[in-house]
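Enquirer: The structure is given below, and queries will be raised subsequently.
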Amino acid sequence: MNVYQIVTDRIIAELEKGIIPWERPWTGVRDGAYSRATARPYSLLNQFLLGRPGEWLTYKQAQQAGGQVRKGEKGSMVVFWKLDAKADKDRDTGELKIKQFPILKYYHVFHVDQCDGIEPKYKEPAFTPLDPIEEAERVLNDYSSRCGVPIVHEKGNRAFYRPSEDAIHLPLMEQFSKQAEYYSVAFHESVHSTGHKSRLNRLDNNSRFGNEVYSKEELVAEMGAACILHELGIETDSSFRNSAAYVQNWLHVLKDDPKMVVHAAGKAEKAVKLILNVEQAEQNGEGHAAEEAA
């Protein structure tokens, strides 16, 4: 069973309905859909797959909690990486060497609302209202200073990240009709900058506009920037991103490469955590829950 294809088909199905999974306003790395077993948010990719925020658990976990998944309810897919091992004989010495490699696995979970006899285990965290624009400025400046990425403002109509000088170039703030649009662009380019060899080492010298490598990196930046804006509570004019041309572009790209969305979501999550200064974790508890689901 090709798990990559299953995941990609589900994302494509959403796009064909006009839903852009990474544009859901609750999607994030610190909140959103989370595991009842670990109290931690699911990975960014699993947030896309689950499609709604709140507490999720496996069928077995529901029973262990004294409840029961209601008859007729359908589970939602979540994925995780599991290390597998293979023995290979060394060509020179003839010795057997064990090589480990990651395999994409999946299982199903249910929202707590799909269960009888169970109440949510965790209360909604107390929310301290912050000014989204002030917080966006703080995050941007913190990332710039902490990771040594200069932000150059210049009058013009171009926004880009230049790897050769490791700098982000942005138009002047006053050139944007809304402050939110400025930060949308700023975080898009910030995500690109996380790919520098001194950070997440993601960028490829062969990346050129329109080619496959460029498309992959653009998807990382799109997902990452959208996630940061959601985390900060910034709403932007998504009319372009919701346009038929935008959706058709990503449909074309994803249909050509069934592994792209899986890899892009993982890279975007690492970029978001670096920019927001959130601790990087190997997994978000999905593997632990999978063991309990068995």
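Just so you know, all these numbers are worked out from the coordinates, no wet-lab data involved. Treat the numbers as computed from the prediction; the structure is a model and nothing was measured. All Cβ positions, even for glycine, are placed from backbone atoms using ideal geometry, and neighbour counts span all protein chains on display.
Enquirer: Beyond 25 Å between alpha-carbons counts as too far, so tell me which of Lys123/Lys178; Lys105/Lys267; Lys82/Lys273; Lys197/Lys259; Lys197/Lys270 fall in that bin.
Expert: Violating the 25 Å Cα-Cα cut-off are Lys123/Lys178.
Enquirer: When DSSP assigns beta bridges and you keep just the ones with both residues in segment 3-124, what percent turn out antiparallel, to the nearest 5?
Expert: Bridges in segment 3-124 that DSSP calls antiparallel: roughly 85 percent.
Enquirer: Say we join alpha carbon atoms closer than 10 Å with springs in a Gaussian network model of the chain; which of Gln179, Gln280, Gln100 then has the biggest fluctuation?
Expert: The residue that fluctuates most here is Gln100.
Enquirer: Fewest Cβ neighbours within 10 Å first, please rank Thr38, Thr194, Thr93 accordingly.
Expert: Thr93, Thr38, Thr194
Enquirer: Now a separate question. From the phi angles alone, apply the Karplus equation (6.51, -1.76, 1.60; θ = phi - 60°) to segment 76-90 and give each ³J(HN,Hα) in whole Hz, x where the residue is Gly or Pro.
Expert: For segment 76-90, the Karplus-derived couplings read 10, 7, 10, 10, 7, 9, 10, 7, 10, 10, 9, 8, 10, 8, 5 Hz, x marking Gly and Pro.
Enquirer: Could you name the aspartates and glutamates in cross-link range of Lys17, using Cα to Cα under 14 Å and dropping any fewer than eight places away on the same chain?
Expert: Asp9
Enquirer: Something else: By count of other Cβ within 10 Å, fewest leading, how are Phe187, Phe80, Phe160, Phe176 ordered?
Expert: Fewest-to-most Cβ neighbours within 10 Å comes out as Phe160, Phe176, Phe80, Phe187.
Enquirer: Can you compute the charge dipole magnitude of segment 132-276 about its Cα centre, using +1 on each Lys and Arg Cβ and -1 on each Asp and Glu Cβ, nothing else charged? Give it in debye, rounded to the nearest 20.
Expert: In debye, rounded to 20, segment 132-276 gives about 440.
Enquirer: So, one more: Springs between alpha-carbon atoms under 10 Å, Gaussian network over the chain: tell me which of Ala13, Ala62, Ala136 tops the mean-square fluctuations.
Expert: Between Ala13, Ala62, Ala136, it is Ala13 that shows the largest mean-square fluctuation.
Enquirer: Given the -39500 (n - 2.57) contribution per DSSP H run of 4+ residues, what per-residue ellipticity at 222 nm results for the chain, rounded to the nearest 500 deg cm²/dmol?
Expert: Calculated at 222 nm, the ellipticity per residue is -12500 deg cm²/dmol.
Enquirer: Considering Cα pairs under 8 angstrom that are at least six residues apart, work out the relative contact order of the chain and quote it in whole percent.
Expert: 24 percent
Enquirer: About its Cα centre, how strong a charge dipole does the chain have in debye, to the nearest 20, once Lys and Arg get +1 and Asp and Glu get -1 at the Cβ?
Expert: In debye, rounded to 20, the chain gives about 760.
Enquirer: Let me ask another. Taking 0.36 nm per intervening residue step and subtracting the Cα-Cα distance, what contour gain separates Lys17 from Ala167 on full extension?
Expert: 50.2 nm
Enquirer: State the dimensionless ratio Rg/Rh of segment 4-109 (Rg: radius of gyration of Cα atoms; Rh: Kirkwood radius).
Expert: Reported Rg/Rh, Kirkwood definition of Rh: 1.13.
Enquirer: Continuing with this model, one more query. Within straight cross-link reach of Lys71, meaning Cα distance under 17 Å, which lysines are found once same-chain residues fewer than 8 apart are removed?
Expert: Reachable lysines: Lys60.
Enquirer: Along the charge dipole of segment 3-124, pointing to its positive end and built from +1/-1 on Cβ of Lys, Arg, Asp and Glu, which listed residue (Gln64, Val29, Leu104) has its Cα farthest out?
Expert: Positive-most Cα among the choices belongs to Gln64.
Enquirer: With a 10 Å radius around each residue's Cβ, average the other Cβ atoms per peptide and rank 22-33, 164-175, 148-159, highest first.
Expert: So the order, starting with the most tightly packed, is 22-33, 164-175, 148-159.
Enquirer: In straight Cα distance, which lysines are under 19 Å from Lys89, not counting same-chain residues fewer than 8 positions off?
Expert: Hits, sequence-local ones excluded: Lys97, Lys99.
Enquirer: What is the distance, in nm, between label points placed 7 Å from the Cα along the Cα-to-Cβ direction at Lys255 and at Gln64?
Expert: It works out to 4.2 nm between the two label points.
Enquirer: With a 10 Å Cβ neighbour count serving as the proxy for reagent exposure, in which order, fewest first, do Cys147, Cys227 appear?
Expert: Fewest-to-most Cβ neighbours within 10 Å comes out as Cys147, Cys227.
Enquirer: With +1 assigned to the C-beta of every Lys and Arg and -1 to the C-beta of every Asp and Glu, and no other charges, what is the dipole magnitude of segment 3-124 about the Cα centre in debye, to the nearest 20?
Expert: Dipole size: approximately 220 debye.
Enquirer: List the relative contact order of segment 41-172 as a percent without decimals, with contacts defined as Cα pairs under 8 Å and 6+ residues apart.
Expert: It rounds to 20 percent for segment 41-172.
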